[in-house]
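Below: one structure, written as structure tokens.
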């Protein structure tokens, strides 16, 4: 990546990872048209291969950009912005934002190479931008490139601190905490989450960021077995999230998983059926797998099989939670005494968790695998009965919040706090 950092000494900023082979993105874009695939590849190659592409001549290759227009109509403006920059008449930041739009489009399609390479090219084009480094880290994390994601998040943290961009600073700490958690380094994850939590309230002034940090702390506490703290963080997250924030369904799913941990499986199934249509496709993988686990625990074979089919359909496109999803499928199959399925899914979970260094999920999957081999339902820790009623109340509050959720934040002055919900 270029060291053109606009007033920041390069040695102060962690270096980004080396670029991936640019030709690898072509096969994933062929179905959108050869000209479109070529245009995206050429843009990435020029941006990464020439530190000063904006001042070079247009070149013969730029003429093919015209043929790419119309292949993906919603990206025509983005391709035009990139073409103008490469012709020397457009702004760098406009071209970087255009690359980020192509990355988001590829992310929605579940295409890792174009999503990652376009996001990284955008970060390379404006290397002084913590926001773009954050975006590159986030896309790498979504596609389980933990080491690359960590490097971009560290870069975003440094750039945001030097530029005093506190929203980016908080989000980068949250993202790095999620990476560390996925690698099993819970102590580092906790440190990043608490740093984000302090900065969210004292520096950024954004209450929704404080809610997001509480949401992540909830997941960390649940993984460590501290269900009381997890319940407290979940209540704070629900209270602080804006009414229509995009992360509210994800919080609802995590509350469902707490219900599963406390063996309130029937209530978890009920809430999950409300939540699942509202989750984005990337999160539906873990959502359907949690439903499969809970349905298996109450003996609902039909719901288990339907949920399993949906997991298998989506996991090839969005594999961020693949290890946990297969662990859930294996656990649900054990509850139904479907030993062949349990062995198959638990084995797959062990393989994925081992390849990604996810030791916690690996241990859980090995427990399910041993149970499948012995043909017995795996034993669990006894639930904390003193937490059941507060959690059930939180689940009712969550269902009420989802009943009026619109999927976007609106009416900024009135967006915080619980809605008045008579009759829900």
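Read the figures in this text as sums done on the coordinates, not as results from a lab. Predicted model, so just to flag it, every value in this text is computed and none were measured. Note that each Cβ is placed from the backbone with ideal geometry, even for glycine, and that neighbours are counted across all protein chains shown.
Rounding to the nearest 10 and keeping the result within 0 to 90°, find how far the Cα-based axis of helix 339-356 lies from the longest principal axis of the chain. So the inclination is approximately 40 degrees.
Mind running the shape call on the range 131-288? Use the C-alpha gyration tensor, a ≥ b ≥ c as the square roots of the eigenvalues: rounded below 1.5 for a/c, prolate if a/b tops b/c, oblate otherwise. Prolate is the answer for the range 131-288, as a/c is 1.5 or above and a/b outweighs b/c. In terms of surrounding Cβ atoms within a 10 Å radius of their Cβ, 128, 264 rank from fewest to most as 128, 264. Report, to the nearest 10°, how far helix 227-240 tilts away from the longest principal axis of the Cα atoms in the chain, using its own Cα long axis and a range of 0 to 90°. Taking the Cα atoms of the chain, the angle to 227-240 is about 50 degrees. Of the residues 185, 300, 18, which exhibits the maximal mean-square fluctuation in a Gaussian network model of the chain defined by a 10 Å Cα contact cut-off? In this elastic network of the chain, the residue with the biggest mean-square fluctuation among 185, 300, 18 is 18. For the chain, relative contact order (Cα pairs under 8 Å, six or more residues apart, normalised by length) works out to 11 percent. The candidate values are [x] 1.14; [y] 1.04; [z] 1.00; the one derived from this structure for Cα Rg over 2.2 N^0.38 Å carries the label [y]. Among 275, 404, 311, the ranking by other beta carbons within 10 Å of each residue's beta carbon, starting with the fewest, stands as 404, 311, 275. If one takes the longest principal axis of the Cα atoms in the chain, at what angle in degrees, from 0 to 90 and to the nearest 10, does the Cα axis of helix 34-49 lie? The helix 34-49 is inclined about 80 degrees to the chain. Neighbour counting of Cβ atoms within 10 Å sorts the residues 273, 207, fewest neighbours leading, into 273, 207.
With an a/c value of 1.5 or above and a/b not larger than b/c for the gyration tensor axes a ≥ b ≥ c computed over the alpha-carbon atoms, the range 83-200 is described as oblate. Considering only 279, 69, 132, the mean-square fluctuation computed in a Gaussian network model of the chain, springs between alpha carbons under 10 angstrom, is largest for 69.
Gain on full extension, evaluated as 0.36 nm per residue between residue 406 and residue 280 minus their Cα-Cα distance, stands at 44.0 nm.
For the range 157-246, the square roots a ≥ b ≥ c of the C-alpha gyration tensor eigenvalues yield an a/c of 1.5 or more together with a/b not exceeding b/c, which makes the shape oblate. The value of relative contact order for the range 89-139, using C-alpha pairs under 8 Å at least six residues apart, is 35 percent.
What the Cβ-Cβ distance of residue 147 and residue 87 gives, at R0 = 41 Å and to the nearest 0.05, is a FRET efficiency of 0.70. Each stretch of four or more DSSP H residues adds -39500 (n - 2.57); spread over every residue of the chain, this sum gives -21500 deg cm²/dmol at 222 nm. So if I take the centroid of the Cα atoms in the range 108-132 and the same for the range 163-236, what is the distance between those two points in Å? The range 108-132 and the range 163-236 have Cα centres spaced 24 Å from each other.
Among 74, 305, 344, the largest mean-square fluctuation in a Gaussian network model of the chain (Cα springs under 10 Å) belongs to 74.
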